[in-house]
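The values are calculated or read from the model by the stated rules, or taken from the named source; none is laboratory data. Only a predicted model underlies this, so the values are computations on that prediction, with no experimental measurement involved. When we count neighbours, we look across all protein chains shown, and the Cβ atoms used for this are built from the backbone with ideal geometry, even at glycine.
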Amino acid sequence: MAAKQPVTILVPFCYRAIDYSTTENLLRTCEGIPVGKVIFSYLEGAESLLDYFYRLKDFVIDNDVDVVLALSDIATLVQSALVREFPSRLKGPSVESSFLAYHKVYTSQYLDPDTDPSSHGVLDLDSKTLLEDADVLLKRLKLPAFAKVPCGDASQGVWKISSAGQLTDVLGAVGQLNERHYSQNEHISSATFMRDFLQKVLDVDHYPMVLRDTIIVEPYIDAPAKVCVDGCVYNKEILHWAISDSLHWPGQDIPFQGSYMPSTLSDTIQRRLWGGFDKVVGRMVDHGFNNQFVHVEYFILADGQIKLIEVNARMSGNLSGLYAACLSGPPPLQALLGLCCGVRPALPAPTGRAALNLPLQVHDNYTGKVRDMVNLSEVEILKGDSDVKITWIMAFDDEFLPGKVEFAKIWTYGKTPDDAKKKCREVTRRLVKKQEQLKFNFH
């Protein structure tokens, strides 16, 4: 049932560079759910994840919080831990189900119905025989291969490996990331920032890899297409939301980035995707997943079969602008608020409009400030274009760092996907000074 009294909403793990006024407005205009306070919470200084969790736990009590709204992977982990602390007050998934989506080693073992253990390997960076282990693994898997940190997203922490020397370089780079703070490293569960929290909330004896510095190595898949499949779980019922296609960048080591809607896949493949989605999310529900969105990514192979890439226990922020244009009904953010208040969401229908999303990322070796990449005068002009939306991930004075390469997200709209692509090409040319430094760019 919808809330009768105004609810207090806590949104953890916000970013200071992002303006959340639109988010707050969407929450306050959610039909049937009166909203009192909306509190956006930020990580402070050198705070560890466990310190942050304890601070949020006190905050829930002191402010009579009714809803913890998780919009990122790590926020869902914290939400899950808070739900366990306050089961009569908060709705959301279990810690274990959120973790299984967060950590790719265990995603493969527990959630993928088609996993083949022999098709991939895990290297322990703390092993005294690491290089020998890597050599044995590459002989078994063959090259090229993917190397992935176990908790990455948005194609960060993913490398194409074409030689043993490249893998050695990647292993060294991942090891150097380990001791960095969350602001520079949010993708290694064994890092100091996360370790104490996971030891508190998770059975780490059952999931020993969580406290090890690991990297996953698996065969490189030269797939012609990649898609995102989104849905949610309401009181253990799996609901379908939408399928979006990924932009393909041939020639890149990681050739998919950005998305567009509506999907151009055949009905047969879309039915196959929903069947795969139901199997994966069904396994999550078996582990306690509930009242939250799920974002699942698949490769579409040349023969039309599907291959699970990753699972995210939250809605996709990258796709929110696409949904707003391409789907009728309440946006996912309002649907998520409803899930947290015990309201079954109304399922969306196509509007007939097309939309595209492209994260703006610089090459890994680029150094400098964000303002050096951006035509600031165009920022203001583009705000008046109804077919364009830009969200800034970094402040203009922020410095690019290893692993910190995404500075903005662009959404463009049109009657067809081709119209949206044409508009995106125009916007990036106007907005970005150094076109050659963009990792993904329409030429």
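Restricting attention to segment 116-127 and to residues that are loosely packed, with under 14 Cβ neighbours inside 10 Å and touching a residue at least 40 places away in the same chain (Cβ under 8 Å), the residue that is nearest to residue 144 (Cα to Cα) turns out to be 119.
Here's the yes/no breakdown for (1) part of a helix (DSSP H, G or I); (2) surrounded by fewer than 18 Cβ atoms within 10 Å (Cβ to Cβ); (3) among the hydrophobic types (A, V, I, L, M, F, W, C); (4) outside the structural domain of residue 257 (by TED's automatic domain parsing):
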{"site": "409", "(1), (2), (3), (4)": "no, no, no, yes"}
{"site": "421", "(1), (2), (3), (4)": "yes, no, no, yes"}
{"site": "430", "(1), (2), (3), (4)": "yes, yes, no, yes"}
{"site": "436", "(1), (2), (3), (4)": "yes, yes, no, yes"}
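Of all residues in segment 104-143, those satisfying the criterion of being under 23 Å from the mean Cα position of the chain (by Cα) and in a helix (DSSP H, G or I) are 104, 105, 106, 107, 108, 109, 110, 111. Return the residues of segment 21-49 that are part of a strand (DSSP E or B) and not hydrophobic (A, V, I, L, M, F, W, C); say none if nothing qualifies. Selection gives 36, 37, 41, 42.
Residues that are in contact with a Ser or Thr (Cβ under 8 Å, 6 or more places away or on another chain) and closer than 18 Å to residue 81 by Cβ within segment 36-63 comprise 39, 43, 48, 56, 59, 63, listed in sequence order. Within the span defined as segment 180-199, one or more residues are at pLDDT 85 or above and surrounded by fewer than 17 Cβ atoms within 10 Å (Cβ to Cβ).
Within segment 275-332, if we keep just the residues that are in contact with a Gly (Cβ under 9 Å, 6 or more places away or on another chain) and of a type in the set (Val, Ile, Thr), the residue that is farthest from residue 23 (Cα to Cα) turns out to be 306. Regarding segment 384-391, can at least one residue be identified that is surrounded by 15 or more Cβ atoms within 10 Å (Cβ to Cβ), among the polar types (S, T, N, Q), part of a strand (DSSP E or B) and modelled with pLDDT under 95? Yes, because at least one residue in segment 384-391 is surrounded by 15 or more Cβ atoms within 10 Å (Cβ to Cβ), among the polar types (S, T, N, Q), part of a strand (DSSP E or B) and modelled with pLDDT under 95. Considering each residue of segment 1-38, count those that are modelled with pLDDT of 90 or more, in contact with a Pro (Cβ under 8 Å, 6 or more places away or on another chain) and buried (at least 16 other Cβ atoms within 10 Å of the Cβ), and give that number. Going through segment 1-38 one residue at a time, the tally reaches 4.
Kindly provide the set of residues from segment 281-295 that are of a type in the set (A, V, I, L, M, F, W, C) and crowded, with 23+ Cβ neighbours inside 10 Å, ordered by number. Scanning segment 281-295 gives 281, 284, 289, 293, 294. For segment 46-66, a residue qualifies if it is crowded, with 18+ Cβ neighbours inside 10 Å and under 17 Å from residue 199 (Cα atoms), and the qualifying residues are 48, 49, 50, 52, 53.
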